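Working notes, beginning with the structure itself.
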Amino acid sequence: FQWAFCTAGATIVSGAVAERVKSPTYAVFAFLMASFIYPVVVAWTWGGGWLATILDVGYMDFAGSGVVHLTGGVAGLAGTIVLGPRKGRFTNPEEFETHNLPLVVLGTFALWFGWYGFNPGSTLTMKSGADGALAAQVAMNTTLAAATGGITVFLLRYVITHKYDVGALCNGILAGLVSITAGCGNMESGSAVATGLIGGFVYQAASMLLQKLRIDDPVDASPVHGFCGAWGLIATGLFDWGRGVDHYHGWSGFGCMEKDDGGCQTGIGGTAIGVQFIMILAIVAWAGTLSGIGFFLLKITGALRYGTHVEEVGIDSHHHSPPKAYALGPNSLSPSKIYSTMTSESEPSRA
């Protein structure tokens, strides 16, 4: 179960650095992510580390908005900044538009289905009726936030472009899922709708911000996972289903956090929100710094990024067999031309 969370954190980065990073070099970073960056974040949180007890309240992240998604999103953002944009990304943006929406939709629904393993599965036990009720609440919150996030981004994109954007709908669904992942076990369904709604706005704003800054994230991995992951941690503190700041539930499920005498702790809601912000800062500092250093060291070796010619031909066509399988449009190079360019590249210069 934890292995799956770890691999999810590493694969988030692959989306942010896609279409220009070398596969063997990415494997090196994936080792760094899975062996050093992610395990430390888990040790601080789910492992019972300092964030679990800070300010005598501790953090709340039921299934990984921060531990998994913010960590992966920040690492991906660091990677794409170090790599730089794909050639022509901001001069000929139409050439980089999504080319296979059916696969995008299929992948989105596969992820949405898998989220029911991550979120309700994070209940970790089903030995009582209360456990089952909590898992059901988590599943309902997950569904509502995902649907709300998708519809929100779809409508926002229509207002901006006056076109129906199915890709935006899909990323909106993922934005809602990421946003609810931390608080799915400590908020009511109405709050889950609000979390997905605001998560849609957070995603759209972050996506536009990255484009304004000319940061090339091919699949919007950092807006979806990084920015919405941070929002999910904040929403967990804001929308906890205790009565305002009087009673805070956190990890206690349907019950409040109790004092030693069994009574509810009071007045700790504000502290809990503060802890969520501390968690965000800690993850951004740790994952962002180590990822940035890791990608920079790989860059100075010259082994991080493919050359310009490979980007123009296409990494799939240039490095996978048979190349004809990756000729997806009328402007794609024919197999014979691909082979000829590969041959000419491999021949020593006669100059």
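The values are calculated or read from the model by the stated rules, or taken from the named source; none is laboratory data. All values derive from a computational prediction rather than experimental measurement. Please note: Cβ atoms are built from the backbone with ideal geometry, for glycine as well, and neighbour counts cover all protein chains shown. Just so you know, the surface numbers come from the protein's heavy atoms only, side chains and all, with ligands and any DNA or RNA stripped out. Shrake-Rupley method; radii C 1.70, N 1.55, O 1.52, S 1.80 Å.
Brief remarks on what is shown
- What a 1.4 Å probe finds exposed on the range 116-212 is 71% carbon and sulfur by accessible area, rounded to a whole percent.
- Across the chain: Cys residues that no other cysteine approaches within a C-beta distance under 4.7 Å: C6, C170, C184, C228
- With every protein chain in place and a 1.4 angstrom probe, the accessible-area ranking of C264, C184, largest first, reads C264, C184.
- Shape category assigned to the range 28-177 from the gyration tensor of Cα positions, a/c cut at 1.5: oblate
- Here is the size of the range 182-327 from its Cα atoms: Rg then Dmax, 21.9, 71 Å.
- Positive contributions from Lys and Arg (+1) and negative ones from Asp and Glu (-1), summed over other residues with Cβ under 14 Å from the Cβ of V275, come out at -3.
- Placing unit charges on the Cβ atoms only, positive for Lys and Arg and negative for Asp and Glu, gives the chain a dipole magnitude near 880 debye about its Cα centre.
- Loop-located chymotrypsin sites (Phe, Trp or Tyr not before Pro) in the range 1-75 (DSSP state other than H, G, I, E, B) with a sparse environment of at most 13 neighbouring Cβ atoms within 10 Å: F1.
- Given charges at beta-carbon only (K, R positive; D, E negative), |dipole| of the range 169-308 in Debye: 640
- If you bin all the Cα-Cα distances of the chain at 10 Å, starting from zero, the percentages per bin are 6, 24, 31, 22, 11, 5, 2, 0, 0.
- Across the options Q265, A230, G121, the greatest Cα extent toward the positive end of the charge dipole of the chain (unit charges at beta carbon of Lys, Arg, Asp, Glu) belongs to A230.
- The local environment of T195, defined by Cβ-Cβ distances under 12 Å, has a net charge of -2 under the rule Lys, Arg +1 and Asp, Glu -1.
- Qualifying trypsin sites (Lys or Arg not before Pro) for the range 156-231 [loop in DSSP, other Cβ within 10 Å: at most 12]: K163, R214
- Take the range 201-277 with all the other protein chains still there, run a 1.4 Å probe, and you get 45 Å² of accessible area per residue.
- Of the GluC sites (Glu not before Pro) in the range 57-127, the ones in a loop by DSSP (not H, G, I, E or B) with at most 10 other beta carbons within 10 Å are E97.
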